[in-house]
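Presented below is the structure to which this report refers.
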Amino acid sequence: ETLWDRLIELGAQPAGLGARDTLRLEAGLPLYGHELGLDPEGKEIPVFASPLSRFAVSFHRDKGDFTGRAALQEQFDDYKRILDRDFGDLHRLKQTIHPIALLGKGVARNGDKVFIGNKQVGWITSGTVVPYRKTTGEGLESRATDETGKRAICLGLIDSSIIKGQELDVDVRGKKIKALAVPYHLRSEAPPFAAAVLYGGEELDSEEKAEAPVTEEVQLRVTGLIDKAIENTRWRQEACINLIPSEMTQSPLARLLSIMDPSFRYAEHKKVKAFHDADIFYYQGTGFIDEVERLVSEEMRTYFGCRNIEARVISGQMANTAVFSALMDFLNRGNRKQEPRRIGPVMNNHIIKGGHLSAQPMGALHDFIARDPATERPAVVNFPVLPGNPYRIDVEKAKQLLDEHRPELIILGKSMMIHKEPVAEIRAALDDIGLRALLMYDMAHVLGLVGPHFQQPFAEGADVVTGSTHKTFFGTQRGVIANDFPEDDYRYPFWEAVETRTFPGSVSNHHLGTLLGLLMAAYEMNHFKDDYQKKVVENAKAFALSLVDVGLQVAGDPSLSYTETHQVLVNVGYAKGIEAAQQLEKNNIIVNFQATPIEEGFTASGALRLGVSEMTRFGFGKEEFKKLASLIRDVVLDGKDVRDEVVALRKDYQDLGFCFTDDELASRIEALHGLI
């Protein structure tokens with residue numbers, strides 16, 4: 001009694017079994033005596049009748065011939081047939097548990113019969129009325145209100161051939177009530193709220209056909225599109241301060257070249273060993289793009305200080321996919337007759353601690369990662385982070401994990417990146433324990449910082465570098481893969497696999513126009529990189545310190561001025577990141593909200609991710625970022641309208657720097673314009 005009274009004093013609220021049951025039904029969880037045990041006819045309900053059983057039952061070979069395995073296997077075989085909608089030969093799962101939503105008024109209870117027309121197809125196993133919070137707005141702008149509603153939901157043991165969307169009738173005390181077989185009652189992937197999913201009432205007339213627009217309407221659409229494109233471009237390029245770290249305005253020449261011929265051509269090609277690795281093109285008229293590709297590779301080799309470049313990939317995600325595919329090919333090179341084994345274990349940065357989506361089992365790694373036999377989950381080991389700084393790898397603990405798990409692939413690099421990655425330290429650790437793992441550095445966000453002002457990946461020991469060419473790098477939206485294996489290295493077949501997994505493995509037409517723009521961007525980067533990279537890092541540190549000075553909470557190591565890259569992370573409070581980003585956009589400051597390591601997901605984001613690289617190219621220096629820090633503070637902390645001040649600050653910084661603008665190019669730029 002004393003403990004109970006104390007809990008109440010501290011704010012605990014009593015909740016009965018009815019409250020628990022509403023939560024259980026919303027989540028679709030089975031309860032013994034309802035969805036588990038015996039059905040209304042006294043027959044045993046198979047375990048796999050409940051969809052959640054697939055998480056609870058394992059048939060891994062290491063489990064052995066446990067009691068009940070054969071019976072469960074029969075159920076599981078039926079479950080797989082149901083997934084394929086093969087209902088004709090079901091032995092053990094003739095009925096399964098489905099969520100059911102009542103559309104009419106009434107409350108279904110355990111034992112109520114379920115019908116399709118006059119045919120009984122099952123029973124309700126659990127049913128109740130649950131409260132829910134009504135919402136306002138759509139998408140990320142949806143908000144829970146104080147207004148509540150009620151809805152009748154149930155779980156039913158019904159024929160396995162019934163699929164979501166099937167209309168049903170439920171007999172409640174002799175009255176049939178309209179109902180619907182639904183996939184779920186509640187969704188929780190958008191914290192901080194769990195969203196009630198409502199069904200019924202709204203029907204679309206599939207027979208309605210859109211009338212053919214008249215000529216005048218088409219003209220309005222065409223002019224409207226052009227006008228809006230002009231308006232948007234002027235807004236972003238002239239009136240906004242662009243701070244999204246993954247974006248970069250291209251130079252006028254890079255943009256113009258990207259829409260020149262051959263932007264709508266094909267130039268598929270492949271090295272042929274019979275011709276001493278000469279590139280054989282499958283189309284004619286490709287001499288110019290052949291030259292462009294060779295020059296891009298030459299410039300990129302100079303930039304990275306490496307031997308091998310693959311520039312046909314059209315995104316950083318595709319670059320990673322090609323590398324994973326090539327590594328799997330390399331690992332299976334000894335026996336091409338067997339089913340290829342997947343890569344594993346893999347060590348990477350966890351997505352909630354800044355890891356990039358493309359390096360996750362849910363991303364580009366999905367089809368290449370092995371399963372851990374102990375957990376039956378993807379064989380991934382996440383880098384540990386420092387207790388006081390979750391954005392930085394704990395190298396000493398990482399060394400222990402390397403020796404314990406001995407991964408085949410190690411992926412460094414993040415999308416939320418404020419520190420250097422420990423390339424040299426990881427390479428030294430691999431050498432110390434004699435582990436021949438592939439050390440990969442996904443430099444998508446920091447590709448434009450390669451050099452002495454940040455990191456030199458191949459000098460530090462990386463085996464392969466991937467990246468996007470349009471974040472801190474000056475390029476068009478493409479990807480790149482770099483490697484330094486010489487031809488006599490036993491691992492060189494991995495690089496050859498990278499080339500074949502790019503074409504024909506990943507691309508056919510590799511967007512020749514943007515490749516032209518990338519060559520110009522590479523010329524710019526190699527010419528201006530020293531000054532540009534130095535200013536980016538200096539501006540980021542100055543910006544972070546200015547944000548701290550005005551009262552904002554900046555993540556990172558204060559001894560390093562909070563950042564070593566182009567990014568600055570600002571904590572604004574749990575689940576307040578979205579609203580803060582939206583308010584800044586209304587004031588012409590473009591940022592992106594970011595979930596921190598202590599938050600469940602992006603909809604609960606409590607931080608802002610800011611990047612200085614684009615505005616550095618437009619001429620911003622330490623003083624301009626200091627002024628900007630005060631404006632951001634006014635919006636985030638005080639809710640002020642500073643749009644006019646932002647526009648005035650941006651007005652003096654309209655010309656993109658670190659690009660070729662010599663007078664002698666003016667006539668050529670005019671010629672390019674004339675060809676459009």
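The values are calculated or read from the model by the stated rules, or taken from the named source; none is laboratory data. If you're wondering where the values come from, they're calculated on a predicted model, not measured in any experiment. Cβ: placed from backbone, ideal geometry, glycine included. Neighbour counts: every protein chain shown.
The table that follows gives values for the structure above.
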quantity	calculated
Unique residue being outside the structural domain of residue 614 (by TED's automatic domain parsing) and farther than 26 Å from residue 321 by Cα when the list is 524, 499	524
Residue 211 being modelled with pLDDT under 95 and more than 24 Å from residue 498 (Cα to Cα)	yes
Lone unmet requirement of (1) surrounded by fewer than 20 Cβ atoms within 10 Å (Cβ to Cβ); (2) touching a residue at least 40 places away in the same chain (Cβ under 8 Å); (3) within 29 Å of residue 196 (Cβ to Cβ) for residue 139	(2)
Region 638-676, residues that are surrounded by 11 or more Cβ atoms within 10 Å (Cβ to Cβ), part of a loop (DSSP other than H, G, I, E, B) and at pLDDT below 90	661
Where residue 400 falls short, out of the listed (1) under 22 Å from the mean Cα position of the chain (by Cα); (2) surrounded by fewer than 19 Cβ atoms within 10 Å (Cβ to Cβ); (3) modelled with pLDDT of 95 or more; (4) over 27 Å from residue 493 (Cα atoms)	(1)
Helices (runs of 4 or more DSSP H) within region 13-119 that include 1 or more residues modelled with pLDDT of 90 or more and either in the same structural domain as residue 169 (by TED's automatic domain parsing) or closer than 27 Å to residue 371 by Cα (or both)	17-27, 69-83
Residues of region 288-314 that turn out to be in a loop (DSSP other than H, G, I, E, B), over 30 Å from the mean Cα position of the chain (by Cα) and surrounded by 19 or more Cβ atoms within 10 Å (Cβ to Cβ), as a count	0
Close pairs from region 575-589: first more than 18 Å from residue 600 (Cβ to Cβ) and modelled with pLDDT of 95 or more, partner buried (at least 17 other Cβ atoms within 10 Å of the Cβ) and charged (D, E, K, R), Cβ under 8 Å, at least 6 apart	588/650
Residue within region 178-194 that is at pLDDT below 90 and on the phi > 0 side of the Ramachandran plot present	no
Matching residues, region 237-261, being crowded, with 17+ Cβ neighbours inside 10 Å and within 20 Å of residue 287 (Cβ to Cβ)	257, 258
Filtered residues of region 315-338 (kept if in contact with a helix residue (DSSP H, G or I) (Cβ under 6 Å, 6 or more places away or on another chain), under 18 Å from residue 470 (Cα atoms) and buried (at least 21 other Cβ atoms within 10 Å of the Cβ))	320
Top-ranked residue in region 525-538 [being in contact with a helix residue (DSSP H, G or I) (Cβ under 9 Å, 6 or more places away or on another chain) and closer than 13 Å to residue 472 by Cβ; ranked as surrounded by the fewest Cβ atoms within 10 Å (Cβ to Cβ)]	529
